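*Asks:* Before I ask anything, let me first share the structure, which is written out below as structure tokens.
The values are calculated or read from the model by the stated rules, or taken from the named source; none is laboratory data. Quick caveat, the model's predicted, so the values are computed rather than measured. Don't worry about glycine lacking a Cβ; one is built from the backbone with ideal geometry, like all the others, and counts go over all protein chains shown. Ligands, DNA and RNA are stripped out before the accessible areas are found, and what is left, the full protein with its side chains, is counted by its heavy atoms. Shrake-Rupley method; radii C 1.70, N 1.55, O 1.52, S 1.80 Å.
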Amino acid sequence: EMALQLKDQMGAEVVALTMGPSQACAILEEAYALGADEVYLITDRAFGGSDTFATSYILSAALSHLGPFDLILGGKQAIDGDTGQTMASLAQHLRCACINQVLDIHLDHGELCLSGQTEGSIRHEQMKAIVKRKTDEGKEVLEAELPCVCSVMKESNKPRYASIQSTLDALSHQVPQVSLEDIALYLDDVKIGLKGSPTRVQKSFVPERCAEGVVLEGSPKEKAHALVECLVEAKLLI
């Protein structure tokens, strides 16, 4: 949605891509229905078992193959592994700036730059991103030159709805696939898949609740005193 808003404002071209099996085409069809100009599925059996590092490495190769790009937007984190590592790792592979937990973004043409030393020098505008991001203390505004990578917070916007016609168009649109063969020039195949992943997931599970919560009643002052008493009783506070 953030990319589509920039497209509405500036006429940008939006390209959506994801890495996964053939079932992942569904989310790309949705992106196409919402207004993405192009969509690509990054898929190959050789990519199976990739952890966040290998995944970001493959995505960086795909972006180098499909690029050039100005701005890469992705989610804050996945809903399964929940690590929030992929976008930052992607930025490192691409050797560009990374801003995480983004709430809003504005692109500014900046100042005119002079290229070369001759009378025929070309003057061009250096595009930069003005980004508002969430922090533990509140919010802050950062400025970064393009290209850059941003991970976007869920609360940054509310996704638009696709029209019936655009949904039908998306269902009839053939999603192009990018395989290992297509991007082999941009990567080392020993760094992808299970063999190229420095981490292994032994198992994933939902932690069992081992204690019940306590609700403190009263005024803020009374609650504070009660909380201190509970912590002292549990020997967590002296």
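*Asks:* Test of understanding: in a Gaussian network model of the chain with alpha carbons linked when under 10 Å, which of GLU137, GLU155, GLU181 would top the mean-square fluctuation ranking?
*Replies:* Answer for the Gaussian network model of the chain: GLU137.
*Asks:* Just to be sure I understand the model, the point goes 7 Å from the Cα along the line to the Cβ. What's the resulting ASP37 to ARG95 distance in nm?
*Replies:* 2.6 nm
*Asks:* Extension gain PHE69-LYS134, at 0.36 nm per residue separation less the Cα-Cα distance, in nm?
*Replies:* The PHE69-LYS134 span can extend by a further 20.9 nm.
*Asks:* Less than 13 Å Cβ to Cβ from MET2, Lys/Arg counted +1 and Asp/Glu -1: what total charge do the surrounding residues give?
*Replies:* +3
*Asks:* Now, a different point. What net charge do the residues around LEU180 carry, taking every other residue with its C-beta under 9 Å from that of LEU180, with Lys and Arg at +1 and Asp and Glu at -1?
*Replies:* -3
*Asks:* What pairs in LYS76/LYS132; LYS76/LYS203; LYS76/LYS139; LYS132/LYS154 have C-alpha atoms more than 21 Å from each other?
*Replies:* Correct reply: LYS76/LYS203.
*Asks:* Report, by chain and number, residues whose modeled amide H sits under 5 Å from the one on VAL178, excluding near sequence neighbours (fewer than 5 apart, same chain).
*Replies:* HN-HN under 5 Å from VAL178: LEU41, ILE42, THR43.
*Asks:* Between region 16-54 and region 180-238, what's the alpha-carbon centroid distance in Å?
*Replies:* With region 16-54 and region 180-238 each reduced to a Cα centre, they are spaced 28 Å.
*Asks:* Something else: Tell me, in nm to one decimal, what length is gained between GLU143 and ALA12 on full extension, where the rule is 0.36 nm per residue of separation less the Cα-Cα distance?
*Replies:* Working it through step by step, the gained length comes to 45.2 nm.
*Asks:* Using θ = phi - 60° and the Karplus relation 6.51 cos²θ - 1.76 cosθ + 1.60, list the HN-Hα couplings for region 218-231 in order, rounded to whole Hz, with x at every Gly or Pro.
*Replies:* x, 6, x, 5, 5, 5, 5, 5, 5, 5, 4, 5, 5, 5
*Asks:* Given points 7 Å out from each Cα along the Cα-Cβ axis, report the ILE164 to ILE27 separation in nanometres with one decimal.
*Replies:* 2.9 nm
*Asks:* Same structure, new question: Over region 153-194, with every protein chain in place, what whole percent of the accessible area is carbon and sulfur at 1.4 Å, could you tell me?
*Replies:* So the carbon and sulfur contribution to the accessible surface is 57 percent.
*Asks:* Assuming R0 = 30 Å, what is the FRET efficiency of LYS223 and GLU155, from their Cβ-Cβ distance, to the nearest 0.05?
*Replies:* Efficiency computed from Cβ-Cβ geometry: 0.60.
*Asks:* Keeping all protein chains in place, calculate the accessible area per residue for the chain (probe 1.4 angstrom), answer in Å².
*Replies:* Value returned for the chain: 69 Å² of accessible area per residue.
*Asks:* Just to check I understand the Karplus step: with θ = phi - 60° and J = 6.51 cos²θ - 1.76 cosθ + 1.60, what whole-Hz values come out for region 150-160, glycine and proline as x?
*Replies:* Values, residue by residue: 10, 9, 9, 6, 4, 7, 5, 6, 10, x, 6 Hz.
*Asks:* To check you understand DSSP bridge types, tell me what percent of the beta bridges within the chain (both residues inside) are antiparallel, rounded to 5.
*Replies:* Bridges in the chain that DSSP calls antiparallel: roughly 50 percent.
*Asks:* What full-extension length gain, to one decimal in nm, is calculated for GLN177 and ALA234 as 0.36 nm per residue of separation minus the Cα-Cα distance?
*Replies:* In short, 14.8 nm is gained.
*Asks:* Below 15 angstrom from the Cβ of LYS134, what's the summed charge of the other residues (Lys, Arg +1; Asp, Glu -1)?
*Replies:* Result for the neighbourhood of LYS134: 0.
*Asks:* Report, by chain and number, residues whose modeled amide H sits under 5 Å from the one on ASN100, excluding near sequence neighbours (fewer than 5 apart, same chain).
*Replies:* It is SER151, by chain and number.
*Asks:* Within the chain, what's the longest run with no trypsin sites (Lys or Arg not before Pro) in a DSSP loop and at most 11 other beta-carbon atoms within 10 Å? Give the range, please.
*Replies:* Counting only loop sites that pass the neighbour cut-off, the longest clear stretch is 96-199.
*Asks:* Now for a different question. Which option, [x] 151; [y] 244; [z] 119, is the value of volume of the Cα convex hull per residue in Å³ that was calculated from these coordinates?
*Replies:* Matching entry in [x] 151; [y] 244; [z] 119: [y].
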